[in-house]
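Read-outs throughout are calculated quantities, based only on the coordinates presented, and are distinct from any laboratory measurement. Because the structure is predicted, anything quoted here is derived from the model rather than measured. Positions of Cβ are generated from backbone atoms using ideal geometry, with glycine treated the same way; all protein chains shown enter the neighbour counts.
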């Protein structure tokens, strides 16, 4: 059984995201620990990339700050290795295909397995091209997380049947970022997913308030929040861990 499934065992899962290395790796470690203490069920760790095509300005800027601070994929791996000495919350990497290819796909996925990363989210990897990584993920026991978007329509059942870990439902078209309202009919998407798989699904893109998180979790198995957290980190820098902890606790409590 996937370690990710533990995130969904105790009701609705709250899944926060940060960009590792923003503002520096030491602060990232403190933020990750604070999110776990505040009740995060699964944590998404972004490996910074120079051209993060799925991201809006907030996370793009975080990637640039992290890269400017000297963050590398190896340093992020070391960060996780250190955290895993006493942190048992499920964790997944979110990064881009180019990062994995340039590192060496087998080396990357094998290292994920060794350091305790439970899954990979790769926004620029189309479902039809997942065989680039899927066999290696199966070999090393790392879940390759599938995306389902408002435009997936007649592909939802196909994607759901082959999903592992959890399914990432994209709430809205466009890039990541906070939105004043989410108008996609998430309930109809989750209905098709649940007809085809028992793998849990969580909604991300645009969720920034406890009310939105509660609404999205009411029609799925959890809510994913990135930009709202990255904004807090951009505002408070090295002092961000306590502020992020408060935010994560408010979201988790609401759900």
(request) Take the alpha carbon gyration tensor of the range 10-103, find the square roots of its eigenvalues, order them as a ≥ b ≥ c, and report rounded if a/c is under 1.5; if not, report prolate when a/b exceeds b/c, else oblate. (result) prolate
(request) Grab the beta carbon distance between residue 158 and residue 187, set R0 = 22 Å, and tell me the FRET efficiency rounded to 0.05. (result) 0.65
(request) Compute the relative contact order of the range 12-249 as a whole-number percentage, counting only Cα pairs closer than 8 Å that sit 6 or more residues apart in sequence. (result) 24
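Take the alpha carbon gyration tensor of the range 43-144, find the square roots of its eigenvalues, order them as a ≥ b ≥ c, and report rounded if a/c is under 1.5; if not, report prolate when a/b exceeds b/c, else oblate. Present the calculation step by step, with values, prior to reporting the outcome.
Numbers: a/c = 1.71, a/b = 1.10, b/c = 1.56.
Judged from the Cα gyration tensor, the range 43-144 comes out oblate (a/c at least 1.5, b/c at or above a/b).
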(message) Tell me the label only: which of [x] 148; [y] 122; [z] 109 is volume of the Cα convex hull per residue in Å³ as calculated from this structure?
(response) [z]
(request) Show me 120-128, 229-237 ranked by packing, highest mean number of other Cβ atoms within 10 Å first. (result) 229-237, 120-128
